[in-house]
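One structure is given below, encoded as structure tokens.
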Amino acid sequence: MRAVVYDRYSTDLDDLEVREVPEPKLPPASVLIEVRAAGVNPVDWKVMAGGLDALMPVHFPVIPGWDVAGVVVAVGLDTPEFAVGDEVMAYARKDTVSAGTYAARVAVPVSAVARKPASLSWEEAGALPLAGGTALRSIDALGDLSGRTVLIHGAAGGVGGFAVQIAAARGAKVIGTASERNHEYIRSLGGEPTTYGEGLAARVREIAGGTVDAVADFIGGQLDTTLDVLGEGGAHVSTADPKVMSHDGRYIWVRPDGSQTARLAELVDDGLLRVEVAETFPLDGVADAFQASMSGHTRGKLVIVP
């Protein structure tokens, strides 16, 4: 089958190749998914550069990609949850860096798989599981948000855009940092935008009418501002800065979890969550997608369509 691969850790995007690789084996309690769309996440190019080598074993050649939406074309032994022809989506990270989702087909443990909502396109479904799951886990960790004020750093990004919507759906007043060109987008998601950079803490306090009750940081480097604006007893999390753990915060690392992805599907079906797809790329455009992701200026999600 066709897949994108790299043969060694590298920061050179020219090392990404599309070539024929063996079909995936199908373990028990897994499904084989024909890939219709696969979301691009910053972790994909960070893994390629060796960023998780201390945490996860690697088997080269590596097929990148941890998000997938597609059709079940085979089921493993003792897998009654799904059948051939089912439309599904998954955060498909394995315990090793090896067989990812930028391919024609991928085998995924059934515990990570959820049914695709009919209201989502393939591209939207492929963009949702990892970023949406990260947002959901982060907002869950902040506790009851009804009637409370939440600051979200990086509100226009893939994770941040989902987090704004989830927090707003729970009754929070959401303040989101973004460049001025994305302020209307933040408002459309249910948040109140403010520009990041110098003077951010003062701007947040003005919008909030004082301190905030919770903070979610999806870009890193925001700890000083977070601690400045967070009220006594407030909660804060980060997906990008482990230093929060030294200041009573929580560092979020999302797990593959089909039930969590199913919760995202319910939010979509209830009209509380939408997916912003910025751009799609073919398999031979993965290098371009990674370059766009590295720029840090993408609003919403980038998606690979094999």
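Among the residues of region 243-253 satisfying the criterion of being assigned to a loop (DSSP other than H, G, I, E, B) and in contact with a strand residue (DSSP E or B) (Cβ under 7 Å, 6 or more places away or on another chain), which is surrounded by the fewest Cβ atoms within 10 Å (Cβ to Cβ)? So, considering only residues that are assigned to a loop (DSSP other than H, G, I, E, B) and in contact with a strand residue (DSSP E or B) (Cβ under 7 Å, 6 or more places away or on another chain), the one surrounded by the fewest Cβ atoms within 10 Å (Cβ to Cβ) is 252. Considering region 73-114, and only residues there that are under 19 Å from residue 23 (Cβ atoms) and of a type in the set (Lys, Arg), the residue that is surrounded by the fewest Cβ atoms within 10 Å (Cβ to Cβ) turns out to be 94.
Once region 125-145 is narrowed to residues that are touching a strand residue (DSSP E or B) at 6+ places or on another chain (Cβ under 6 Å) and part of a helix (DSSP H, G or I), the residue that is farthest from residue 37 (Cα to Cα) is 141.
May I ask you to list the residues in region 88-124 that are among the charged types (D, E, K, R) and part of a helix (DSSP H, G or I)?
So the first thing to find is which residues in region 88-124 are among the charged types (D, E, K, R), and the list is 93-95, 105, 115-116, 123-124.
Result: 123, 124.
Of all residues in region 262-306, those being farther than 25 Å from residue 88 by Cβ, in a helix (DSSP H, G or I) and not acidic (Asp, Glu) number 5.
Here is a yes/no grid of residues against (1) touching a Lys or Arg at 6+ places or on another chain (Cβ under 9 Å); (2) surrounded by fewer than 17 Cβ atoms within 10 Å (Cβ to Cβ):
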{"site": "206", "(1), (2)": "no, yes"}
{"site": "224", "(1), (2)": "no, yes"}
{"site": "235", "(1), (2)": "yes, no"}
{"site": "272", "(1), (2)": "no, yes"}
{"site": "276", "(1), (2)": "yes, no"}
{"site": "302", "(1), (2)": "no, no"}
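Entry remark, region 231-250: residues being over 25 Å from the mean Cα position of the chain (by Cα) and either of a type outside the set (Gly, Ala, Ser) or under 21 Å from residue 202 (Cβ atoms) (or both) number 2 in total.
Have a look at 216, 240, 289, 265 and point out the one that is assigned by TED's automatic domain parsing to the domain that holds residue 33, surrounded by 17 or more Cβ atoms within 10 Å (Cβ to Cβ) and in contact with a strand residue (DSSP E or B) (Cβ under 8 Å, 6 or more places away or on another chain).
Numbers: 216 fails: assigned by TED's automatic domain parsing to the domain that holds residue 33; 240 fails: assigned by TED's automatic domain parsing to the domain that holds residue 33; 265 fails: assigned by TED's automatic domain parsing to the domain that holds residue 33.
Testing whether each residue is assigned by TED's automatic domain parsing to the domain that holds residue 33, surrounded by 17 or more Cβ atoms within 10 Å (Cβ to Cβ) and in contact with a strand residue (DSSP E or B) (Cβ under 8 Å, 6 or more places away or on another chain) leaves just 289.
Among the residues making up region 146-179, those that are assigned to a helix (DSSP H, G or I), at pLDDT 95 or above and under 20 Å from residue 222 (Cα atoms) are 159, 160, 161, 162, 163, 164, 167.
Output yes when any residue across region 37-48 is more than 27 Å from residue 132 (Cβ to Cβ) and either in contact (Cβ under 8 Å) with a residue 24 or more places away in the chain or in the same structural domain as residue 115 (by TED's automatic domain parsing) (or both), and no when none is. Spell out the reasoning first.
Taking region 37-48 first, the residues more than 27 Å from residue 132 (Cβ to Cβ) are none.
No, because not a single residue in region 37-48 is more than 27 Å from residue 132 (Cβ to Cβ) and either in contact (Cβ under 8 Å) with a residue 24 or more places away in the chain or in the same structural domain as residue 115 (by TED's automatic domain parsing) (or both).
Yes/no matrix, rows are residues, columns are (1) surrounded by fewer than 16 Cβ atoms within 10 Å (Cβ to Cβ); (2) acidic (Asp, Glu); (3) part of a strand (DSSP E or B):
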| residue | (1), (2), (3) |
| --- | --- |
| 11 | yes, no, no |
| 35 | no, no, yes |
| 43 | no, no, no |
| 46 | yes, no, no |
| 62 | no, no, yes |
| 65 | no, no, no |
| 71 | no, no, yes |
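For region 228-261, the tally of residues that are aliphatic (A, V, I, L, M), touching a helix residue (DSSP H, G or I) at 6+ places or on another chain (Cβ under 6 Å) and more than 24 Å from residue 91 (Cα to Cα) stands at 1.
The set of residues in region 115-153 being over 19 Å from the mean Cα position of the chain (by Cα) and surrounded by 24 or more Cβ atoms within 10 Å (Cβ to Cβ) consists of 149, 150.
The values are calculated or read from the model by the stated rules, or taken from the named source; none is laboratory data. None of the values given here were measured: they were computed from a predicted structure. Ideal geometry is used to build each Cβ from the backbone, glycine not excepted, and the neighbour counts take in all protein chains shown.
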